[in-house]
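I have placed the structure first, in the form of structure tokens, so that the comments after it can refer back to it.
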Amino acid sequence: MLTSLRELMRPPAGMAFDFSQPAGEPALAPPDGVSWRVFANPVSLFIGGAAAVLLELAEPSVRSGVWDHSDFQRDPGKRLRRTGFAAMMTVYGPRSATEKLIARVVRMHGHVEGSTPDGLAYRANDPRLLDWVHATATFGFAEAYHRYVRPFSAGEQDAAFFEALPSARLYGASGAPGSRAEWETLLAATAPRLEGSEILAEFLHIMSGAAILPAPMRWLQRLLMRAAVQMTPEPVRSLPQLRGQGLRRGEATLVRLLARAAMLLPMKQSPPAQAARRLAAQDAPPP
């Protein structure tokens, strides 16, 4: 079960990357920070990533950009792995490689533009939209860890947002929140624009049944999606498409047990383990 989830941390086909090289090169996020802990747990990563997408799809311009210009509907597993790999790079990857990856994504986003069904023009590289996307991702990953793995102190919650700022700025999200309070302010300011749609319902349907985990583990996929809905903040959690889709009685305890058990899995070849070896090489004595 947990081994299946661990596989989600592997880079997607064609994007294999050795996080252990080059020796000593730092990442964008500090190795002793909150982010290195958050991104090492495959259960909370799945939950947090799904919650972030729910928040993104509630914003009309982001929803149109994601749904109209990606292959998510055709191959959600591939899209999740690509997005997860990019997030892993911002936390564990060597800074030089991470900067090149982000620059490529920014160039690709430069071609993504269009109009919502209501006629509102959007651009993927619009700083306002980038701020929302990066804020929701940071909130999702950190909040899932906080709820289902180990509670964070107020300072650790702030640190999760602060540590995400270097990558956010490289993407062009110049106004991304640097603390939990700034996230709450952004959420309150964005709330009037957030709305339900059939795409939200379709996303839940796709994520509950897609071949992301092996068929015998599909029940686990549905459980983690309910955990994502449960932690999604208002006003999104009360949208018609999400109402009643959260955790059932007793399931929160099961999710916590799974998330904490995931910390015991051997992950010697995972991005965090490889990155730790890369940085340790810097301090190794000469032969």
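The values are calculated or read from the model by the stated rules, or taken from the named source; none is laboratory data. For clarity, every value in this text was computed on a predicted model and none was experimentally measured. Cβ: placed from backbone, ideal geometry, glycine included. Neighbour counts: every protein chain shown. Accessible surface is based on the protein model in full, side chains and every heavy atom, while ligands, DNA and RNA are left aside. Shrake-Rupley method; radii C 1.70, N 1.55, O 1.52, S 1.80 Å.
What to note about this one:
- Debye log10 I(q)/I(0) for region 58-201, one point scatterer per Cα, at q = 0.09, 0.16 Å⁻¹: -0.29, -0.97
- When only Cα pairs below 8 angstrom with a gap of at least 6 residues are kept, region 157-231 shows a relative contact order of 20 percent.
- Label-point separation, Asp32 to Ile206 (7 Å along Cα→Cβ), nm: 4.2 nm
- Most fluctuating residue given options Arg82, Arg249, Arg128, as computed from a GNM of the chain linking Cα atoms under 10 Å: Arg249
- Once the 1.4 Å probe is applied to the protein heavy atoms, region 1-68 comes out at 34 Å² accessible per residue.
- Relative to the Cα centre, the charge distribution of region 1-154, modelled as +1 at Lys and Arg Cβ and -1 at Asp and Glu Cβ, gives a dipole magnitude of about 360 debye.
- Relative contact order [Cα under 8 Å, 6+ residues apart], region 102-163, whole percent: 20 percent
- Placing +1 on the Cβ of every Lys and Arg and -1 on the Cβ of every Asp and Glu, with nothing else charged, gives region 158-200 a dipole about its Cα centre of roughly 140 debye.
- Listed peptides 17-29, 164-176 by packing density, highest first (mean Cβ within 10 Å): 164-176, 17-29
- Karplus-derived 3J(HN,Hα), 6.51/-1.76/1.60, for each residue of region 180-188, Hz, glycine and proline x: 5, 4, 5, 5, 4, 5, 5, 4, 5
- Charging the Cβ of each Asp and Glu at -1 and of each Lys and Arg at +1, and nothing else, the dipole of the chain about its Cα centre rounds to 920 debye.
- Rolling a 1.4 angstrom probe over the protein heavy atoms with all chains in place gives region 181-239 an accessible area of 43 Å² per residue.
- Helix-derived mean residue ellipticity, 222 nm - over the chain, DSSP H n ≥ 4, -39500 (n - 2.57), to 500: -18000 deg cm²/dmol
- With a Förster radius of 35 Å applied to the C-beta separation of Arg95 and Arg128, the computed FRET efficiency comes to 0.85.
- In the chain, the portion of solvent-accessible area held by carbon and sulfur atoms comes to 57 percent [1.4 Å probe, whole percent, DNA, RNA and ligands not counted].
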